[in-house]
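First up is the structure itself, then whatever we jot down about it.
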Amino acid sequence: MRIVVIGYGTAGMTAASYAKLVNRRAEVVAFEKRSYAVYHPCSIPDVLAGTIDSWDKLRESAVKMPGLTVYTGTEVYDIDHNNRIVYARRVKDGSELKIEYDKLILATGSKPRLPRGIPGLDLEGVFTIKTVEDGEKLDKWVKSSNRVVVVGGGAIGVEVASALAKRGLNVTLVEMTKYIAGRILDSDMSLKITKMLRERGIRVVTEDTIAEIKGKDSVEKVVTGKGEVYDADAVVFTIGMVADTTLAKRIGVEITERGLVRVNDRMETSVKDVYAAGDIVEVKDLITGKPTVLQLASVAFREGRVAGINAAGGNAVFPGAIKNIIVHTPWFYFGGVGLTSDEASAAGFNVISTTVSTWVKPEFYRDSTRITVKLIVDADSSRVLGVQVIGEYGVEKELNMASTIIKNRMGVSDILDIDIAYTPKVSDVYDPLHVAAEAILRKLKRYR
């Protein structure tokens, strides 16, 4: 059996590895357009900020496994599924490859979204962020720059803006909606983040867009939709990703209304013996039961695992996922898991919430710090629907504990029964999530 994997990001790499682990007799061939096999896109802001001292540290070679071949610098440009053949071309010299397959896994990922119709997009100094090369180009450019406008206030936008501010640049962060990180946080938590970013010198502009980029040969100014003008040497667009479904459409797999590949819980597409995983697929939200888009590495890993196992003859199921996002800046972390209050209300839940601020560990430790936790609950069933956290450390622990609570449809009182590891050097016996649970239980008593 030969399994061909197209794309070697998180989903593709995981699918290829698990296919070999499940079926050692299978031959697995993977194709990746990049000149290197593996990279760490979520660490790009850390190199920009100077936390990591080399771009080369973000690149890795493919894992070595008998029967696994990874063609880097090679782009698949066509698929003949009737005859089970993929056609690829080496980027460097244009030489052709033709590989037959028995099973096919599509993990073609996504590309940065760019706005349409904005004058000045072709000027020097306009960037997107996705690959190591994108980061290197921006890094080189801003070494001789002073003013940068980052467009898009989601996770990537906040991280890039914070990294550039950390290295001393004057940064303006422009977000078209009313709140920064609105897909992750409720408005009150978003306003806390906005205040914290402004305190670090970042100009945060909300409810506005970029209408024009001005300059002779390179960026000099940006004009917003409201007519504001900001001096700038560079503009970085971080307004989301677009799934690369070109090859999927070419072989006739079913595409959803959102433009993503439809898969079942085995990661099978509508075309026999073709699987898909990663940024190109639509998944089921385990809270609402409805299709959603979760272009996250943690989700792609799980999808790739299931696709690889099943393509190799195994039996695995991907039941769905929930949103669990953490954002890092040089000064603090924040994130959200599950639904925001608005999302929960739109899904038909009777939402009640509470926000608490407490110590991560006993305050007599010199490095102790406060952490803010918001707990979102269905008032009718006491079911936990979402958790949001802001802090200098310990954020991922609360989010991951909340993820388990939410996915298992647990109630607020169940939080108090969780056995946690405790030693005062790293934690308090009264976990921040416990504090939030007690607070919302008091609210629920009044509500009822």
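The values are calculated or read from the model by the stated rules, or taken from the named source; none is laboratory data. Only a predicted model underlies this, so the values are computations on that prediction, with no experimental measurement involved. Here the Cβ is made from the backbone with ideal geometry for all residues, glycine too, and neighbour counts use every protein chain on show.
PHE334 passes every criterion in (1) touching a residue at least 60 places away in the same chain (Cβ under 8 Å); (2) surrounded by 22 or more Cβ atoms within 10 Å (Cβ to Cβ); (3) part of a loop (DSSP other than H, G, I, E, B); (4) among the hydrophobic types (A, V, I, L, M, F, W, C) apart from (3). Inside segment 361-373, residues that are part of a strand (DSSP E or B) and either without any contact (Cβ under 8 Å) to a residue 12 or more places away in the chain or farther than 14 Å from TYR430 by Cβ (or both) make up a count of 1. Among what's in segment 1-33 and is out of contact with any strand residue (DSSP E or B) (no Cβ under 9 Å at 6 or more places or on another chain) and part of a loop (DSSP other than H, G, I, E, B), pick the residue that is farthest from GLN295 (Cα to Cα). Among those that are out of contact with any strand residue (DSSP E or B) (no Cβ under 9 Å at 6 or more places or on another chain) and part of a loop (DSSP other than H, G, I, E, B), it is ARG25.
Taking the conditions exactly as written (of a type outside the set (D, E, K, R), over 30 Å from SER162 (Cα atoms), over 23 Å from the mean Cα position of the chain (by Cα) and surrounded by 15 or more Cβ atoms within 10 Å (Cβ to Cβ)), does GLY73 satisfy them or not? In short, yes. Filtering segment 317-367 to residues that are acidic (Asp, Glu) and over 30 Å from VAL306 (Cβ atoms) leaves ASP342, GLU363, ASP367. The set of residues from segment 43-74 being out of contact with any Phe, Trp or Tyr (no Cβ under 9 Å at 6 or more places or on another chain) and among the polar types (S, T, N, Q) comprises SER43, THR51, SER54, THR69.
Looking for whichever is crowded, with 19+ Cβ neighbours inside 10 Å and under 30 Å from ARG200 (Cβ atoms) here; the options are ILE287, ILE371, ILE309, ILE280. Which one fits?
Values: ILE287 fails: under 30 Å from ARG200 (Cβ atoms); ILE309 fails: under 30 Å from ARG200 (Cβ atoms); ILE280 fails: under 30 Å from ARG200 (Cβ atoms).
Just a single option satisfies the conditions, and that option is ILE371.
Taking the criterion of being at positive phi and in contact with a Lys or Arg (Cβ under 7 Å, 6 or more places away or on another chain), the residues of segment 267-326 that qualify are ASP273, GLY320. Taking segment 79-124 as the range and being over 30 Å from ALA155 (Cα atoms) and in a loop (DSSP other than H, G, I, E, B) as the test, the residues that pass are HIS81, ASN82, ASN83, ARG84, VAL91, LYS92, ASP93, GLY94, SER95, TYR101, ASP102. For SER145, the conditions (1) surrounded by fewer than 21 Cβ atoms within 10 Å (Cβ to Cβ); (2) touching a strand residue (DSSP E or B) at 6+ places or on another chain (Cβ under 6 Å); (3) modelled with pLDDT of 95 or more all hold with the exception of (3). Apart from one condition, LYS140 fits all of (1) in contact (Cβ under 8 Å) with a residue 40 or more places away in the chain; (2) not in a loop (DSSP other than H, G, I, E, B); the exception is (1). Checked against the criterion of being modelled with pLDDT of 95 or more, surrounded by fewer than 22 Cβ atoms within 10 Å (Cβ to Cβ), in contact with an Asp or Glu (Cβ under 7 Å, 6 or more places away or on another chain) and charged (D, E, K, R), the candidates GLU136, GLU124 yield just one match: GLU124.
Scan segment 364-401 for residues that are in contact with a Ser or Thr (Cβ under 9 Å, 6 or more places away or on another chain) and of a type in the set (Lys, Arg) and the total you get is 3. Of all residues in segment 374-393, exactly one satisfies the criterion of being among the polar types (S, T, N, Q) and outside any loop (DSSP other than H, G, I, E, B), namely GLN388. Taken over segment 394-423, the criterion of being closer than 18 Å to ALA439 by Cα, among the β-branched types (Val, Ile, Thr) and either touching an Asp or Glu at 6+ places or on another chain (Cβ under 6 Å) or not in a helix (DSSP H, G or I) (or both) is satisfied by ILE418 alone. Here are some residues: THR288, THR358. Which one is outside the structural domain of ARG167 (by TED's automatic domain parsing), among the polar types (S, T, N, Q) and in a loop (DSSP other than H, G, I, E, B)? Within the list THR288, THR358, the selection yields THR288.
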